[in-house]
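The values are calculated or read from the model by the stated rules, or taken from the named source; none is laboratory data. All of these numbers come straight from a predicted model, not from anything done at the bench. With ideal geometry, Cβ positions are generated from the backbone for all residues, glycine too; neighbour counts draw on all protein chains shown. The accessibility values were calculated without ligands, DNA or RNA, using every heavy atom of the protein model including side chains. Shrake-Rupley method; radii C 1.70, N 1.55, O 1.52, S 1.80 Å.
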Amino acid sequence: MEKYGLTISLGILLGTLDRLYMLRSDYRQYPGYPHGFVTHVSLGFIASALGAVAIPAIVEKQFAAVTFLALAAQQFRDIREMERKSLAALEEAELIKRGHDYIEGIARVFEARNFLVMLTSLATSATMFFFGMPLLSLIVGIFFILLSERLMRGRVIGHICDVDAGRLHFKGPLLMVEQIDIMNVGLPVMREKILQDGLGIIVKPKNDNARATIHNMGQRQAIAHVAATILGSKKDVDTPEFTPLVRKDVDNGQIALFIVPAEKDIESLIAAVERVPVLESAGRAPLKSKAGRIASD
Amino acid sequence: MRGEELIAVVTIDDTYIKGDIPIFFAKTEEEQARVAQTLAKIMQAMVHDLGNGVYVIVKH
């Protein structure tokens, strides 16, 4: 054990640091409450321990130990399950839902982070084992920490679409953002209030792939949720008129967001929508098929 | 998506609406809007305007 002491402990250290570093960028997806924090750091610690012992185990011809890695993968799938369940339970209390797709996306991220932690600690301990230089292995570890942050950074709506302000107006009782119908609002007082306090956004897809992606209802719900999280919403249980809604122009695939925010600031709203993550489960790429390219012109 | 439910109708003109749903009559447009708003608040539902002077209250 002693001769691998530094190898293993450096691996565990860097792996756990990696998990901590990735937790830092979490607040948007998850309110960072202390218990969730402890859970994820502990699991990150276990993941990094597994990564760190892999090489010493092989060297010692402890092949059984390597099969534990497979067990670990199973463990981390449970993390996804855990996150999915708790977010789905919390969803009940959300006035503006995250939606299943967003929850699934967050749960997958939490799972994937543990694999990145394993990779970081594996790389660190491997460097230490083969070169015997603690400083070099620290540098490799830090490189992998930065790499994992880079890998976890997905695309956002601003990459695939142009986001512009849209004019809110009524056609009779029908609320519209530019040319896109949102909903029928019956009460004159509510119409006045919406015109006074509401905001509209038009999201224009840059190509057919983007159009197919924002066509997904889960993606659209995520846009409404993020906008309402950042700007607040005047919706309450008895004012369904103020529900943020995202609707599509059937002809050109543009989508419109309507929201009655607590903070009426169009610049902030545009920035918020541009930063909505493109959900893994919503991503579509028809242009990657030959049939899709034929239709694109 | 969950199903929508038509809870009630508020109207001034009774020629447009018949059937097996709660129908509330009002004398003026102001009264109609007020009744519809009160009902919607109570039922946590939304008021829609059919465009022919009939308000429907729908739970989404």
Open item on the list: Where the second residue is of a type in the set (S, T, Y) and the first is within 13 Å of another protein chain (Cβ to nearest Cβ) and lies in the range A:171-187, which pairs have Cβ atoms under 6 Å and are six or more apart or on separate chains?
Closed with: A:G186/B:Y55
Task: Total residues in the range A:219-241, condition outside any loop (DSSP other than H, G, I, E, B), open to solvent by 10 Å² or more (accessible area, probe 1.4 Å) and within 14 Å of chain B (Cβ to nearest Cβ) - done: 3
Open item on the list: Going by what's in this entry, would A:R191 be described as free of Cβ contacts under 8 Å to residues at least 60 places away in the same chain and either under 30 Å from A:S9 (Cα atoms) or within 14 Å of another protein chain (Cβ to nearest Cβ) (or both)?
Closed with: yes
- [ ] Working only within the range A:243-262, note down all residues that are touching a Gly at 6+ places or on another chain (Cβ under 6 Å) and of a type in the set (D, E, K, R).
- [x] none
- [ ] Pick out, from chain B, the strands (runs of 3 or more DSSP E) lying fully within it that include 3 or more residues that are touching a Gly at 6+ places or on another chain (Cβ under 7 Å) and either more than 11 Å from chain A (Cβ to nearest Cβ) or open to solvent by less than 80 Å² (accessible area, probe 1.4 Å) (or both).
- [x] B:46-49
- [ ] Give the range A:243-297 a look and list any residue that's open to solvent by less than 50 Å² (accessible area, probe 1.4 Å), of a type in the set (G, A, S) and in contact with a Leu (Cβ under 8 Å, 6 or more places away or on another chain), or say none.
- [x] A:S268, A:A272
Task: Unmet criterion (only one of (1) assigned to a helix (DSSP H, G or I); (2) within 14 Å of chain B (Cβ to nearest Cβ); (3) of a type in the set (A, V, I, L, M, F, W, C)) for A:I145 - done: (2)
Open item on the list: Please verify whether A:F129 is closer than 22 Å to A:G15 by Cα, of a type outside the set (V, I, T), surrounded by 14 or more Cβ atoms within 10 Å (Cβ to Cβ) and at pLDDT 90 or above, treating the condition exactly as stated.
Closed with: yes
- [ ] Assess whether A:V246 counts as being without any contact (Cβ under 8 Å) to a residue 60 or more places away in the chain, touching a strand residue (DSSP E or B) at 6+ places or on another chain (Cβ under 6 Å) and in the same structural domain as A:I180 (by TED's automatic domain parsing).
- [x] yes
Open item on the list: Quick test for you: out of A:A256, A:A222, A:A212, pick the one residue that is at negative phi, out of contact with any helix residue (DSSP H, G or I) (no Cβ under 8 Å at 6 or more places or on another chain) and of a type in the set (G, A, S).
Closed with: A:A256
Open item on the list: Taking the criterion of being away from chain B (no Cβ under 13 Å), under 19 Å from A:R155 (Cβ atoms) and in contact with a Ser or Thr (Cβ under 8 Å, 6 or more places away or on another chain), would at least one residue in the range A:242-265 satisfy it?
Closed with: no
Task: Residues satisfying the stated conditions in the range A:85-107, i.e. part of a helix (DSSP H, G or I) and open to solvent by 70 Å² or more (accessible area, probe 1.4 Å) - done: A:K85, A:L90, A:H100
